[in-house]
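Bear in mind that the values in this text are calculations on the coordinates, not laboratory data. Fair warning: this is a prediction, and the values are worked out from it, not measured in the lab. Positions of Cβ are generated from backbone atoms using ideal geometry, with glycine treated the same way; all protein chains shown enter the neighbour counts.
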Amino acid sequence: MTMEAMRYEDGTISYPGHPRGPGGTEPVETVDLSEYTAEVITWTTSMATPPGVREPNHLAIVEFDVDGESVRALGQLTTGDVETGDEVQPVHVDELREPGAGIREPESQEWDGYRFDPV
């Protein structure tokens, strides 16, 4: 599985990708962010989590440098033992939340994704 971002004609990269970029342009290619490391810009720990999300829920805004282009992403951390400026890498997990919790039918969406793990 890839952590797919989109690159646009002007060189900007968006995560998550959007069908339209700056000036309404379409993406020209995809970039797999799971092949890069990122820097923790800020992070927090939530103790009041949505149904099915582990508690405590450690979250971070991270910044990737992809060929000199900055790409920010928000996601869960694998641990609360991080500091601003730490280097992290995306790691794939099968379940970001418990499929049986909440009001959605488990088959109605995908449950896997990426968390950020300190390098």
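Odds and ends about this structure:
- For segment 112-119, backbone phi angles converted through the Karplus equation (6.51, -1.76, 1.60; θ = phi - 60°) give residue-by-residue couplings of 8, x, 10, 10, 9, 10, x, 7 Hz, Gly and Pro being listed as x.
- Per-residue HN-Hα couplings for segment 76-81 [Karplus 6.51, -1.76, 1.60; θ = phi - 60°; Hz; x = Gly/Pro]: 6, 9, 7, 8, x, 8
- Ranked list, fewest to most other Cβ atoms within 10 Å of each Cβ, for 6, 47, 1: 47, 1, 6
- Phi angles of segment 37-45 translate, via the Karplus equation with coefficients 6.51, -1.76, 1.60 and θ = phi - 60°, into HN-Hα couplings of 9, 9, 10, 6, 8, 7, 8, 8, 10 Hz per residue; Gly and Pro are given as x.
- GNM top mover of 72, 20, 97 - the chain, alpha-carbon springs below 10 Å: 20
- With Rh defined as the Kirkwood radius, the inverse of the mean 1/r over Cα pairs, the Rg/Rh of the chain is 1.00.
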